[in-house]
Structure formats: C-alpha cells, structure tokens
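Below you'll find the structure, written out as structure tokens, and then a few comments.
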Amino acid sequence: MAEEAAVREQAETVRRLKQGKADPDEIAKEVAKLLEMKAQLGGDEGKPKFVLKTPKGTRDYGPKQMAIRERVFNAIISCFKRHGAEVIDTPVFELKETLTGKYGEDSKLIYDLKDQGGELLSLRYDLTVPFARYLAMNKITNIKRYHIAKVYRRDNPAMTRGRYREFYQCDFDIAGQFDPMIPDAECLKIVHEILSDLQLGDFVIKVNDRRILDGMFAVCGVPDSKFRTICSSVDKLDKVPWEEVRSEMVGEKGLSPEAVDRVGEYVQLHGGLDLIEQLLQDPKLSQNKLAKEGLGDMKLLFEYLTLFGITGKICFDLSLARGLDYYTGVIFEAVLLQQENEHVEETVSVGSVAGGGRYDGLVGMFDPKGRKVPCVGVSIGIERIFSILEQRLEASEEKIRTTETQVLVASAQKKLLEERLKLISELWDAGIKAEMLYKKNPKLLNQLQYCEDTGIPLVAIVGEQELKDGVVKLRVVATREEVNIRRESLVEEIRTRTNQP
C-alpha cells in the first residue's frame, strides 16, 4: 500500500536525522509527522486514532528532570525566604482586560480562552500583572512576596534553548513606599546570590533605567509616540548587530536617520560608576529632567551595590531596554557568559536567565482611584537555567537520584514479609523515608541490587537470628559494611548516618 510505503519512508527520514544529530526541534517535527501518518494508517477497526505527543512548545518531565528541577527550585525558594518574602498564588487565567495593554508589542503572544461563562478570559502571560491586580483588589500597599507558577505565551517555541509556550516563572517583588534604590539593590543582590549558588558559570547583570532611556530618546529627537516601539528595537541589541537595529528603526518604525544615529551613540555605551559620572556631565542629557533623575538614582544604586560587594558582576548598559510597557525606573537583566573557546579571552552571551525592574504605575492602572503602589521585582528564568543544568548533567553522566529513600527494609530468609511490614511501618511513623520490595519472599541479592540501582544508601535487614536477638542488621550499600543495631536505636542510627534532623 502507498500509505504504508510513505510511513516507512518517513521513519527512514527520522532515523537519518537522528544519526546525523540534527537539530532536536527538526527531529521532533518529523517524529510528530510520522506519528500522525501512523495514526491515519490506523490499526484495529473501531479503535480511536490519536497521536501520542505533547502539544507544541510543551514537554513532559520524567523523574530525572524533576529531580534537577526540585534542586533548582529549592535553591531559589531558600534565597527568597532568606530575604523575608511571603508566598502567594493567583489563578492561571485572568479577565482578558486585566492583561490587555500591559505588554507592549508582546501582547500578541497572549493566549485567549474560548468564552463559555460570559467572561472573556486569557491565560496569564507573566506573574507581575496578576500581582499588581492582587494588590489593587485587596488594597495592599506594602508586601514582599514570591510567587512560583506556570505562565503561558503563544510564542514560536525553541525548546532546545529553554523557550516554551508553557513554563514556570519564579518572581520576587517588593511593593511599598521606601527610600530610593534600597529595595532595587536587594533585588540585584538576590539575582547575584541565586546565580552564584546554582554555579551556572560566569554571568553579568546589566542595569539601566527607563527614565535614562526616555530622556536619551527625547534629546536625540525621538517623538514621544515612538518611545515604546523604539525601546523594543533597542532591546534586540544583545541578539543582533547595530546595523540591523538601525535599519529596523529607520525602515519599519519611520525614525529619521539623524535621530537614529544620535541614539546609536548612546546605546552602544556600557560601564560602571565612571560612565554614570560621564553622562551626568553630558551637556545634552544633563539638561533633561528625566535622564538626570535616572542617572542620580543609578549612582545611588551603584553605591549600595558596592556595599553589597557585587559590582564586579554589574554593568550599566544603555542598550538594555526590556520590551515590557510597565517598567518606570531601574531595569535589569542577568546574562550567562561562556568562553568562545579555550584560547580566546573573549566571552559571548548565552542568554538571559533573570530580569526585572521597577514598575511604579502598574498597580495604579487597576486601582479605581488610581492610587499608586511603587513596586520593584525580579523574575528568574527557571527554564533556561534548567536546560543548561540538564545538558551539563547529561554530558557529565553523573547519576541522579530520583527518590530520597534513606533505607530499604529487606529480609534475609523466606516467610518474613510480616516482619518487614511491621518494621517499615515503624520507620514511616518515625518520619524515615523507607521502601521495601513488593514480593513475599524476595532474594537478598535482588534487594541489594535495587539499592545499587536507585542509590538508596542503607539496608535494614531482618532475619530469624536478628529477631531473636532484638536487633536489625544495618548495611551501608557503598562500603558493604554491616552492623547490628538494637531495634529501639534504629531510627536514631538511620538519621545520623543520612544526616537527617
């Protein structure tokens, strides 16, 4: 049959792509095509035909991936808690009007839901806008919170680079009226702590200020109406060269070449305190009220970051714009760096792994009386971080434990199932993480092999002699050392040996 021949041909295409180590996205596309062809070909009559695949831009996470994810989440949550944050949660979908008009050019990526209950709804795009809605709705004017949850973007996914349509965000925000730059400096310190703790490699945190950008656009002759759209173009400078950005501004966005060239002189500058001082003396910029304000705060921010001891990783970068409409002050983005190769000192950017900034006007957009609640926050790019760690662990072939089991309850002879059940129940009741094999009379060798395979460090062995003596034989899997422990001391011994409280 022609259909069967087509399926065989498609299977061969997939095999060749896999052998040639083609781009994983391309392989996934061809595999999906193959599955669809097989489904159409059908099998048993009357059996439903369906394709077994996850939707585009999503993925499943097996036990190994989840073990890595949990490790990362725990590091991030412990940092947020160390800084005194409370935790909240909000619905996965919001009223469509809540999200509309908050994301600039990215609004086209919002997922709208089919209306069924008389409300127009959309899946949340980030955690910041729902947070602002939560503050306005509950009349909260002061909170330090974190929120870890899934968000949704109708994006063109690049799954190999950690870019999905459904993904987690980890947000930390400080809302309230405080003295300038103290909360902003703490947000940058948090990014520094998390990236250092996760040991992802070298990184830099770029900072800028929307007021400096807007002041710069004004003195360069960019019309007010084009500020946000020009912002989006400038934001691409970390990915594409200035020439491309320049032609987009002139060709697509209709800015005069003279104004674009003036913008170009500024957005290619980056440095530290010295650059801030230089711009404060700049004859054009220093005349602009917004820019002067932004530069003054940037200087203060760098003073606080110096006290935190992290300025070595901070770069004041005038090309940083962050495309979202709601930012009003300081903005920042953390980027991982990697060596081009071993012989060249030049570093290249791997991509953004955290970002955030100040958004003082967002809560006021929801408040009926327009009351403002100043906010500053940071979002950790968990998926990008996870992709990097997953690839690194695959390359190192390190064995990852997918359970936290401390001890396997085993038996040395037959007819001891009841004794194993009694002992494991005692251990569970004492808070010990324990397992046993679901067989009446398992062989001791199989039980020990299970521990080797899963990384369980200890085996508690019950045998006839041990029962008579009122002891349990505790075996250390790694060294094969065995000791008899009195039954009443077993829980304490397991805790000590596995460093559990």
(request) Answer with yes or no whether D155 is surrounded by fewer than 19 Cβ atoms within 10 Å (Cβ to Cβ) and without any contact (Cβ under 8 Å) to a residue 12 or more places away in the chain. (result) no
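Each row is one residue, and each column tells you yes or no for (1) surrounded by 12 or more Cβ atoms within 10 Å (Cβ to Cβ); (2) closer than 27 Å to R475 by Cβ; (3) in contact with a strand residue (DSSP E or B) (Cβ under 9 Å, 6 or more places away or on another chain); (4) not assigned by the TED database to the domain that holds L324.
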{"site": "K372", "(1), (2), (3), (4)": "yes, no, no, no"}
{"site": "V376", "(1), (2), (3), (4)": "yes, no, yes, no"}
{"site": "I385", "(1), (2), (3), (4)": "yes, no, yes, no"}
{"site": "K415", "(1), (2), (3), (4)": "no, yes, no, yes"}
{"site": "I432", "(1), (2), (3), (4)": "yes, yes, yes, yes"}
{"site": "M436", "(1), (2), (3), (4)": "yes, yes, yes, yes"}
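Suppose we filter D171, D179, D155, D235 for residues that are assigned by the TED database to the domain that holds L318, in contact with a helix residue (DSSP H, G or I) (Cβ under 6 Å, 6 or more places away or on another chain) and charged (D, E, K, R); which single one remains?
Details: D171 fails: in contact with a helix residue (DSSP H, G or I) (Cβ under 6 Å, 6 or more places away or on another chain); D179 fails: in contact with a helix residue (DSSP H, G or I) (Cβ under 6 Å, 6 or more places away or on another chain); D235 fails: in contact with a helix residue (DSSP H, G or I) (Cβ under 6 Å, 6 or more places away or on another chain).
After ruling out the rest, the residue left standing is D155.
Tell me which residues, restricted to the range 89-117, are in contact (Cβ under 8 Å) with a residue 40 or more places away in the chain and within 13 Å of R133 (Cα to Cα).
Selection gives D89, T90, T98, K102.
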(request) Take the residues in the range 371-388 that are modelled with pLDDT of 90 or more and of a type outside the set (A, V, I, L, M, F, W, C), then tell me which one is nearest to the chain's Cα centre (by Cα). (result) S379
(message) For the range 184-191, check the following and say yes or no: at least one residue is touching a helix residue (DSSP H, G or I) at 6+ places or on another chain (Cβ under 6 Å), in the same structural domain as D89 (by the TED database) and of a type in the set (G, A, S).
(response) yes
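Yes or no: K38 closer than 30 Å to P130 by Cα and not acidic (D, E)? Let's see the steps before the verdict.
Working: closer than 30 Å to P130 by Cα: no; not acidic (D, E): yes.
Spelling it out, it is not the case that K38 is closer than 30 Å to P130 by Cα and not acidic (D, E).
Say whether the condition of being of a type in the set (F, W, Y) and free of Cβ contacts under 8 Å to residues at least 24 places away in the same chain is met by at least one residue in the range 447-456. Before the answer, list the steps.
Filtering the range 447-456 for residues of a type in the set (F, W, Y) gives 450.
Remaining after also requiring free of Cβ contacts under 8 Å to residues at least 24 places away in the same chain: none.
No, that holds for no residue.
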(request) Run F131 past the list (1) touching a helix residue (DSSP H, G or I) at 6+ places or on another chain (Cβ under 7 Å); (2) part of a helix (DSSP H, G or I); (3) hydrophobic (A, V, I, L, M, F, W, C) and report the number of the one that doesn't hold. (result) (1)
(message) Show me the helices (runs of 4 or more DSSP H) found entirely inside the range 159-247 where at least 1 residues are among the polar types (S, T, N, Q) and open to solvent by 50 Å² or more (accessible area, probe 1.4 Å).
(response) 182-198, 242-247
(request) Would you mention how many residues in the range 59-89 are loosely packed, with under 12 Cβ neighbours inside 10 Å, touching a strand residue (DSSP E or B) at 6+ places or on another chain (Cβ under 9 Å) and outside any loop (DSSP other than H, G, I, E, B)? (result) 2
(request) For K53, indicate whether it is outside the structural domain of R384 (by the TED database) and open to solvent by 40 Å² or more (accessible area, probe 1.4 Å). (result) yes
(message) One residue is enough: does the range 137-147 have a residue meeting the conditions outside any loop (DSSP other than H, G, I, E, B) and more than 22 Å from M365 (Cβ to Cβ)?
(response) yes
(message) If T13 meets every condition in (1) within 29 Å of the chain's Cα centre (by Cα); (2) farther than 19 Å from V151 by Cβ apart from one, which number is that one?
(response) (1)
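Okay, residues lined up against (1) among the aliphatic types (A, V, I, L, M); (2) assigned by the TED database to the domain that holds G355; (3) out of contact with any Asp or Glu (no Cβ under 8 Å at 6 or more places or on another chain); (4) surrounded by 15 or more Cβ atoms within 10 Å (Cβ to Cβ):
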{"position": "V267", "(1), (2), (3), (4)": "yes, yes, yes, yes"}
{"position": "A291", "(1), (2), (3), (4)": "yes, yes, no, yes"}
{"position": "K299", "(1), (2), (3), (4)": "no, yes, no, yes"}
{"position": "L320", "(1), (2), (3), (4)": "yes, yes, no, yes"}
{"position": "A334", "(1), (2), (3), (4)": "yes, yes, yes, yes"}
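The values are calculated or read from the model by the stated rules, or taken from the named source; none is laboratory data. Everything numeric in this text was worked out from a predicted model, so none of it was measured. Every residue, glycine as well, gets a Cβ built from its backbone with ideal geometry; the counts of neighbours run over all protein chains shown. Quick note on the areas: whole protein, heavy atoms, side chains included, nothing else; ligands and nucleic acids left out. Shrake-Rupley method; radii C 1.70, N 1.55, O 1.52, S 1.80 Å.
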